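First comes the structure, then the notes that go with it.
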Amino acid sequence: MKKRICVIDGQGGSIGSTIIKCIRTMFGERIELVALGTNAIAASQMLRAGANKCGSGENAICRTSVHVDCIIGPVSITWANAMLGEVTPRMAASVTSSPAFKLLLPFFQENSKIIGVVFEPLPHLVQNLVQKHLTEVIDHV
């Protein structure tokens, strides 16, 4: 049975699209990629990047997040009202409450700083996420 990996992003979907392209390059069709956007534009961009299916909005994120093996996205998908308000409190609660393993990147627009995080360019972070951490999740989940 294929592992179900969910990528969640908002606004323009560029972070999610970058993640999906990297995952597809490394794993091909061995996994099912579900793209969830906080809006339709983000979802469609991730679908174009290679996701198997996509959904958008609060209900899609809340319903799907409990039925996947791993959730990937910027850390702000766990913060109520993040991404200029696109992440609703219900979305954030669904992601954090999901039994899925979470791989979160340190990207956010909010007036916050996560101490101890080394900031690197998006391509480096995504490559590390996919090659090291996602491989471990797929092999062990």
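The values are calculated or read from the model by the stated rules, or taken from the named source; none is laboratory data. The structure displayed is predicted, hence computed values, not measured ones. Cβ atoms come from the backbone with ideal geometry, glycine included; neighbour counts cover every protein chain shown.
Looking only at region 95-115, count how many residues are surrounded by 11 or more Cβ atoms within 10 Å (Cβ to Cβ), touching a Pro at 6+ places or on another chain (Cβ under 9 Å) and part of a loop (DSSP other than H, G, I, E, B).
Final tally of qualifying residues: 3.
Would you check which residues across region 37-49 are touching a residue at least 24 places away in the same chain (Cβ under 8 Å) and outside any loop (DSSP other than H, G, I, E, B) and list them?
Start the filter on region 37-49 by keeping residues that are touching a residue at least 24 places away in the same chain (Cβ under 8 Å), which leaves 37-39, 41-46, 48-49.
Those that are touching a residue at least 24 places away in the same chain (Cβ under 8 Å) and outside any loop (DSSP other than H, G, I, E, B): Gly37, Ile41, Ala42, Ala43, Ser44, Gln45, Met46, Arg48, Ala49.
Counting only residues that are within 17 Å of Ile114 (Cβ to Cβ) and hydrophobic (A, V, I, L, M, F, W, C), which one in region 73-93 is surrounded by the fewest Cβ atoms within 10 Å (Cβ to Cβ)?
Looking only at region 73-93, we keep the residues that are within 17 Å of Ile114 (Cβ to Cβ), and these are 73-80, 82-83, 87, 92.
Adding the requirement that they be hydrophobic (A, V, I, L, M, F, W, C) leaves 75, 77, 79-80, 82-83, 87, 92.
Numbers: Val75: 17, Ile77: 31, Trp79: 18, Ala80: 14, Ala82: 22, Met83: 21, Val87: 24, Ala92: 18.
The residue in question is Ala80.
Let's see how each residue does on (1) assigned to a loop (DSSP other than H, G, I, E, B); (2) modelled with pLDDT under 95; (3) over 15 Å from Leu103 (Cα atoms):
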site	(1), (2), (3)
Met1	yes, yes, yes
Ile5	no, no, no
Ile8	no, no, no
Ile15	no, yes, no
Thr18	no, no, no
Ile23	no, no, no
Glu32	no, no, yes
Ala35	no, no, no
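Can you name the number of the only condition in (1) part of a helix (DSSP H, G or I); (2) at pLDDT 95 or above that His124 fails?
If we test His124 against (1) part of a helix (DSSP H, G or I); (2) at pLDDT 95 or above, just (2) comes out false.
Considering only residues that are outside any loop (DSSP other than H, G, I, E, B), under 13 Å from the mean Cα position of the chain (by Cα) and under 19 Å from Phe27 (Cβ atoms), which ones fall in region 50-85? First the steps, then the outcome.
In the first step, residues of region 50-85 are kept if they are outside any loop (DSSP other than H, G, I, E, B); the result is 53-56, 58-67, 70-78.
From what is left, the residues that are under 13 Å from the mean Cα position of the chain (by Cα) are 54-56, 61, 64-65, 70-78.
Selection gives Cys54, Cys70, Ile71, Ile72, Gly73.
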